[in-house]
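Written out below as structure tokens is the structure these notes cover.
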Amino acid sequence: MKTEREMEAYLDNSATTRCSDRSCELMVKLLTEDFGNPSSMHLKGVEAENYIKEAKKKIAKTMRVAEKEILFTSGGTESNNLAIIGAAMANRRSGMHVITTSIEHASVANPMHFLEEQGFRVTYLGVDHNGVISLDELTAAVEEDTILVSLMQVNNEIGAIEPIEEAVKRIKEKNPNTLIHVDAIQSYGKLRIYPKKLGIDMLSVSGHKIHGPKGSGFLWMRDKVKIKPLILGGGQQKGMRSGTENVPAIAGLGEASAEIYEQFDENVEHLYKLKEHFITRLQEIDDYTVNGLTGRDSAPHIVSVSFAGVRSEVLLHALEERGIYVSAGSACSSNKPAVSRTLSSIGVKQELLDSTIRFSFSVHTQKEELDYTIEALKELLPALRRFTRK
């Protein structure tokens, strides 16, 4: 047991997670021993290629998909860009209309803005106060020329879970030709995900959210889905993503994917119990609001809390001095604070938009870290509120 002075609480796991020991050990082996180029024809190259095949096998098993449908990328941002821009450009003769939501991550929102600059028409669906889309609004938005719908499965700021399965049914009933992309960056490893059962066409995942390495990710694409590659060169990965494959990162991602689903039920139960405990203990604090749903109809690892009368950046750094690491809203865009599209979309009061902290847990998070954080908040908030300018 650490003393209070030695205690740390890393509660920013939606920003990034600690790389697992198994993933790290495999990556070191590939960086120092089996370091061949998978495009080389000699034994070292064949060994490297086999690691890629093995990673595909591990990932495909977690989702019950074909190994050939896995395309490795540099992470969630590239996967989202490739799915959205690649699919829109490849199918633009069939239509110029795309649908997404008002609470998407920047790696979806900004590609959508790019498509608008290219002449595409983008519909942004609203959400309710819990961050959930209206299925009726979605159905009404689908038109004859709608070529793509991109929806996040779990919101990265408040943990809202979108009704993907029902959304897919509605979309396909109205326009069977519409492609459906799901950003699963915050849901993979936290939910059971079977893309073919869901009926989707593309799905994005990032390695460093599931205890894999940064700079790793994949895009699952249903066989025969047509997209244009964004990176051209030597024709690696069947020409869909040229460039020498980052074999250590790919192997580390495969290992992390297998590991995160090995004890899935136990891991998710652990996360939900942490969330329930944290929300219960928040009741010991004055003037706070938990944003979004808090039960098991929300993601197990994210809690968004607005603390009235304190700027989030000030509270973040005060917690940091106690060895407690959190995000002001979302840490995925940049280290510069900005108004959150998600919080604005769910109707958070203007005075609380800059007073919101995201706490996010992992399988390694312990209850004592949460208790330590609550005690720190109980001590820090009254003092910070006293010195807040009116």
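The values are calculated or read from the model by the stated rules, or taken from the named source; none is laboratory data. Please read all numbers here as calculations on a predicted model, not as lab measurements. All Cβ positions, even for glycine, are placed from backbone atoms using ideal geometry, and neighbour counts span all protein chains on display. When the accessible area is computed, the model is the full protein with side chains, heavy atoms only, and any ligands, DNA or RNA have been set aside. Shrake-Rupley method; radii C 1.70, N 1.55, O 1.52, S 1.80 Å.
Go through the range 287-321 and give me each residue that's in a loop (DSSP other than H, G, I, E, B), open to solvent by 10 Å² or more (accessible area, probe 1.4 Å) and hydrophobic (A, V, I, L, M, F, W, C). Once the filter is applied, which keeps residues that are in a loop (DSSP other than H, G, I, E, B), open to solvent by 10 Å² or more (accessible area, probe 1.4 Å) and hydrophobic (A, V, I, L, M, F, W, C), the range 287-321 yields Leu293, Ala308. Starting from the range 27-53, keep only residues that are under 14 Å from Ile250 (Cβ atoms) and in contact (Cβ under 8 Å) with a residue 40 or more places away in the chain, then list their pairs with residues that are aromatic (Phe, Trp, Tyr) and open to solvent by less than 30 Å² (accessible area, probe 1.4 Å) whose Cβ atoms are within a distance under 8 Å, requiring at least 6 positions of separation or different chains. Correct list of pairs: Ile52/Phe72.
With the condition kept exactly as written, say whether any residue in the range 96-107 is of a type in the set (Gly, Ala, Ser), part of a loop (DSSP other than H, G, I, E, B) and more than 15 Å from the chain's Cα centre (by Cα). Looking for residues that are of a type in the set (Gly, Ala, Ser), part of a loop (DSSP other than H, G, I, E, B) and more than 15 Å from the chain's Cα centre (by Cα), one finds at least one in the range 96-107, hence yes.
Does Lys68 satisfy the condition of being farther than 23 Å from Lys214 by Cβ and under 28 Å from the mean Cα position of the chain (by Cα)? Yes.
Out of all the residues in the range 66-74, is one or more open to solvent by 10 Å² or more (accessible area, probe 1.4 Å), in a helix (DSSP H, G or I) and farther than 30 Å from Tyr124 by Cβ? Yes. Are any of the residues in the range 367-377 open to solvent by 40 Å² or more (accessible area, probe 1.4 Å), in a loop (DSSP other than H, G, I, E, B), over 30 Å from Gly212 (Cβ atoms) and modelled with pLDDT of 90 or more? Within the range 367-377, not a single residue is open to solvent by 40 Å² or more (accessible area, probe 1.4 Å), in a loop (DSSP other than H, G, I, E, B), over 30 Å from Gly212 (Cβ atoms) and modelled with pLDDT of 90 or more.
Residues in the range 108-125 that are within 25 Å of Tyr194 (Cβ to Cβ) and assigned to a helix (DSSP H, G or I): Val108 only. Restricting attention to the range 23-36, the residues that are surrounded by 14 or more Cβ atoms within 10 Å (Cβ to Cβ) and modelled with pLDDT under 95 add up to 2. Among the residues making up the range 245-266, those that are open to solvent by 60 Å² or more (accessible area, probe 1.4 Å) and part of a loop (DSSP other than H, G, I, E, B) are Asn246, Gln263.
Scan the range 81-95 residue by residue and report those that are closer than 23 Å to Gly235 by Cβ and part of a helix (DSSP H, G or I). The answer is Asn81, Leu82, Ala83, Ile84, Ile85, Gly86, Ala87, Ala88, Met89, Ala90. Looking for something closer than 21 Å to Phe218 by Cα, in contact with a His (Cβ under 6 Å, 6 or more places away or on another chain) and open to solvent by less than 70 Å² (accessible area, probe 1.4 Å) - is there at least one such residue anywhere in the range 38-50? Checked against the condition, which is being closer than 21 Å to Phe218 by Cα, in contact with a His (Cβ under 6 Å, 6 or more places away or on another chain) and open to solvent by less than 70 Å² (accessible area, probe 1.4 Å), the range 38-50 yields no hits at all.
For the range 121-146, a residue qualifies if it is open to solvent by less than 10 Å² (accessible area, probe 1.4 Å) and out of contact with any His (no Cβ under 6 Å at 6 or more places or on another chain), and the qualifying residues are Leu125, Gly131, Leu138, Val142. The residues of the range 348-366 that are in a helix (DSSP H, G or I) and open to solvent by 70 Å² or more (accessible area, probe 1.4 Å), listed by number, are Gln350, Glu351.
Take the residues in the range 29-59 that are polar (S, T, N, Q) and assigned to a helix (DSSP H, G or I); name whichever of them is farthest from Glu262 (Cα to Cα). Only one residue fits best here, namely Thr32. Candidates in the range 211-232 are the residues that are of a type outside the set (A, V, I, L, M) and farther than 16 Å from Ser74 by Cα; of these, the one that is surrounded by the fewest Cβ atoms within 10 Å (Cβ to Cβ) is Lys224. Checked against (1) open to solvent by less than 30 Å² (accessible area, probe 1.4 Å); (2) farther than 19 Å from Val182 by Cβ; (3) not acidic (Asp, Glu), His97 passes all but condition (2).
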